[in-house]
Amino acid sequence: MRLEKYISDSGVASRRAVKRAIRDGHVTVNGTMITIPGHPIDAESDDIEYRGDKVEPITEYIYLMLNKPPGYLTTRNDERGRPTVMDLLTDLPKSIYPVGRLDLDTEGLLLFTNDGDFAYRMMHPSHEIDKTYLVWVSGVLSNRALERLRNGVAITGGKTAPAKIEELKVTGTPKLTENRKTGNTAGVAKYRVVIHEGKKRQVRLMFKAVGHKVIRLKRVRVGTIRLGNLPQGKYRFLTPAEVTLLRS
């Protein structure tokens with residue numbers, strides 16, 4: 001078995017994070033530092049440590065979803081002591097970790113697990129798992145801007161894949177003075193956006209590329225899992241049926 005697969009399957013971190021830790025010299029096998037991912041190991045006999053802690057096999061897999069509030073970092077630890085999503089998960093094993101990430105100011109659906117293979121499948125670009133966001137932006141997008149987003153726009157990290165985007169009715173915000181042809185408006189507009197990529201700050205950068213600032217961003221669906229009415233800051237375990245649907 002490959003070293004990074006064994007460690008991620010043990011719930012220590014995602015396979016991507018484990019590969020990075022290996023390259024940075026934070027993994028040992030039988031006391032020897034390994035710095036190249038893909039190193040073969042014997043799971044039955046080798047003594048493996050990740051950042052100084054012995055890696056033990058997982059006996060029970062956990063899958064859950066959190067309604068992340070803004071203001072929390074999507075990481076297991078922060079060297080500066082800032083709030084992280086792990087602060088919201090009480091009475092749970094330390095082996096769980098977030099599947100992917102949401103930006104500090106982004107809220108909504110965030111998955112967690114200690115199943116490395118599950119996390120890897122969920123995050124790998126080849127699986128093209130849809131992620132749905134509600135986006136509040138300054139001003140109404142012109143038809144040209146909508147078309148650009150639907151065809152893909154150039155942002156940091158490369159051109160985005162085509163997105164699905166739909167304008168929604170805004171409630172509880174200032175009225176818009178709309179000029180659909182030019183996109184010149186005042187106030188706030190709301191959109192539903194579906195993408196399958198995970199580039200850093202992708203949705204915010206997409207709207208910036210067409211001249212609009214994101215005011216609020218909320219993820220409401222990942223694959224077949226909907227956020228629903230889960231209160232902000234709370235979590236719930238996924239059902240076996242939900243996990244099966246995500247895997248398929």
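Selection within segment 122-167: residues that are assigned to a loop (DSSP other than H, G, I, E, B) and on the phi > 0 side of the Ramachandran plot. The member of this set that is farthest from the chain's Cα centre (by Cα) is 139. Taking residues in segment 77-92 that are more than 21 Å from residue 60 (Cα to Cα), and partners anywhere that are assigned to a loop (DSSP other than H, G, I, E, B) and among the acidic types (Asp, Glu), the pairs with Cβ atoms closer than 9 Å and at least 6 places apart or on different chains are 84/78. Screening residue 67 with (1) of a type outside the set (Asp, Glu); (2) on the phi > 0 side of the Ramachandran plot; (3) in a strand (DSSP E or B) gives one miss only, at (2).
Pull up segment 126-145, narrow it to residues that are buried (at least 19 other Cβ atoms within 10 Å of the Cβ) and out of contact with any Gly (no Cβ under 9 Å at 6 or more places or on another chain), then point me to the one that is farthest from residue 170 (Cα to Cα). The residue in question is 132. Looking only at residues of segment 225-246 that are over 12 Å from residue 66 (Cβ atoms) and surrounded by 14 or more Cβ atoms within 10 Å (Cβ to Cβ), we find that the one that is modelled with the lowest pLDDT is 246. Which of the residues spanning segment 59-75 are within 29 Å of residue 30 (Cβ to Cβ) and surrounded by fewer than 16 Cβ atoms within 10 Å (Cβ to Cβ)? Correct list: 59, 60. Among the conditions (1) surrounded by 14 or more Cβ atoms within 10 Å (Cβ to Cβ); (2) in a loop (DSSP other than H, G, I, E, B), the only one that residue 25 does not satisfy is (1).
Scanning segment 86-102 for residues being crowded, with 16+ Cβ neighbours inside 10 Å and not hydrophobic (A, V, I, L, M, F, W, C) gives a total of 5.
Residue-by-condition table, conditions (1) among the basic types (Lys, Arg); (2) more than 27 Å from residue 223 (Cα to Cα); (3) not in a loop (DSSP other than H, G, I, E, B):
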| position | (1), (2), (3) |
| --- | --- |
| 71 | no, no, no |
| 76 | yes, no, no |
| 82 | yes, yes, no |
| 90 | no, no, no |
| 104 | no, no, no |
| 117 | no, no, yes |
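Just so you know, in segment 1-18 the residues that are in contact with a strand residue (DSSP E or B) (Cβ under 9 Å, 6 or more places away or on another chain) and part of a helix (DSSP H, G or I) include one that is farthest from residue 43 (Cα to Cα), and it is 17.
The values are calculated or read from the model by the stated rules, or taken from the named source; none is laboratory data. Note that the structure is predicted; figures quoted are calculated from it, not measured. Methodologically, a virtual Cβ is constructed for each residue, glycine included, from the backbone with ideal geometry; neighbour enumeration extends over all protein chains shown.
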